[in-house]
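The values are calculated or read from the model by the stated rules, or taken from the named source; none is laboratory data. Worth saying up front: this structure is predicted, and the values here are computed from it rather than measured. Every residue, glycine as well, gets a Cβ built from its backbone with ideal geometry; the counts of neighbours run over all protein chains shown. Calculation scope for accessible area: heavy atoms of the full protein, side chains included, ligands and nucleic acids excluded. Shrake-Rupley method; radii C 1.70, N 1.55, O 1.52, S 1.80 Å.
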Amino acid sequence: MKKLLLSTVLLAVFGLSFNSCKDTKKQEEVVTEDTVEVIEEAVEEEKAPNIVEVAAANENFSTLVAAVKAADLVEVLSGTGPFTVFAPTNDAFAKLPEGTVDNLLKPENKATLSGILTYHVVSGTFDAAAVVEAINANDGAFEVTTVQGNTLVATLNGTDVIIKDAKGNAAKVVIADVAASNGVIHAIDTVVMPE
């Protein structure tokens, strides 16, 4: 009888212990899955904003953002890229003849506006150091084809990077290397125009 009682007690203890281990393992699996979900959510929240989001968060690019929306380029510039954007500031747009921006924002001028905006975009990521290196490696003038199809020419004026458009107009890079998840933005002080 003592053996039977002892066996029953031992079985109960081992059974409890075994079930307890199984329960702990299940809890660990649940915690692990929950932890993974929390980490994935945190990574998504910490993900760097894309080019459009960076521009929208900076009041100096409000005219550019309005133009990007009017030209239906938000989805394109929010895409994976990577892109290098020579982004005109509000002051750059203000240099255009009076009424130009308002006229370009009209629905009937969407194709023209899209052409102008995509002329400011280059496929690939060219940070400031890469641009300067390319200028120096190409006898002082680095020609790059834009998404629009025409070329821009980057040169140096002292330490300033100058971007020349197809018409010979020049824009100076005033802020370089604004990072985005899908590329880089260089703010320029003049709107460049394609042919």
Inset, instruction - Within region 65-81, track down each residue that is over 15 Å from the mean Cα position of the chain (by Cα) and open to solvent by less than 30 Å² (accessible area, probe 1.4 Å). - result: Ala67, Ala71
Legend entry - Out of Asp127, Asp165, sole residue that is surrounded by 19 or more Cβ atoms within 10 Å (Cβ to Cβ), under 21 Å from Ile185 (Cβ atoms) and of a type in the set (Asp, Glu): Asp165
Legend entry - Candidate set from region 82-109 (those that are more than 25 Å from the chain's Cα centre (by Cα) and in contact (Cβ under 8 Å) with a residue 40 or more places away in the chain); member that is surrounded by the most Cβ atoms within 10 Å (Cβ to Cβ): Leu96
Inset, instruction - Being open to solvent by 50 Å² or more (accessible area, probe 1.4 Å) and in a strand (DSSP E or B) is the filter here, so list the residues in region 146-160 that pass it. - result: Leu156, Asn157, Asp160
Inset, instruction - Determine if region 64-79 includes at least one residue that is of a type in the set (D, E, K, R) and over 21 Å from Pro194 (Cβ atoms). - result: yes
Legend entry - Inter-residue pairs, beta-carbon under 6 Å, first more than 20 Å from Ile175 (Cβ to Cβ) and in region 110-133, second of a type in the set (Val, Ile, Thr) and surrounded by 14 or more Cβ atoms within 10 Å (Cβ to Cβ), 6+ apart: Thr118/Val147
Inset, instruction - Working only within region 110-124, note down all residues that are surrounded by fewer than 18 Cβ atoms within 10 Å (Cβ to Cβ) and either in contact with a Ser or Thr (Cβ under 7 Å, 6 or more places away or on another chain) or assigned to a loop (DSSP other than H, G, I, E, B) (or both). - result: Gly124
Inset, instruction - Go through (1) assigned to a strand (DSSP E or B); (2) open to solvent by less than 50 Å² (accessible area, probe 1.4 Å) one by one and return the number of the condition Glu143 breaks. - result: (2)
Legend entry - Asn50 vs. criteria over 20 Å from Lys167 (Cβ atoms), at pLDDT 90 or above and either open to solvent by 30 Å² or more (accessible area, probe 1.4 Å) or of a type in the set (D, E, K, R) (or both): no
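For region 139-170, give me each residue that is on the phi > 0 side of the Ramachandran plot and within 23 Å of the chain's Cα centre (by Cα).
Of everything in region 139-170, just one residue is on the phi > 0 side of the Ramachandran plot and within 23 Å of the chain's Cα centre (by Cα), namely Gly149.
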Inset, instruction - Filter region 176-195 down to residues that are open to solvent by 50 Å² or more (accessible area, probe 1.4 Å) and in contact (Cβ under 8 Å) with a residue 60 or more places away in the chain and give me whichever is nearest to Phe86 (Cα to Cα). - result: Ala179
Inset, instruction - For Val191, state whether it is assigned to a loop (DSSP other than H, G, I, E, B), of a type outside the set (D, E, K, R), modelled with pLDDT of 95 or more and within 22 Å of the chain's Cα centre (by Cα). - result: yes
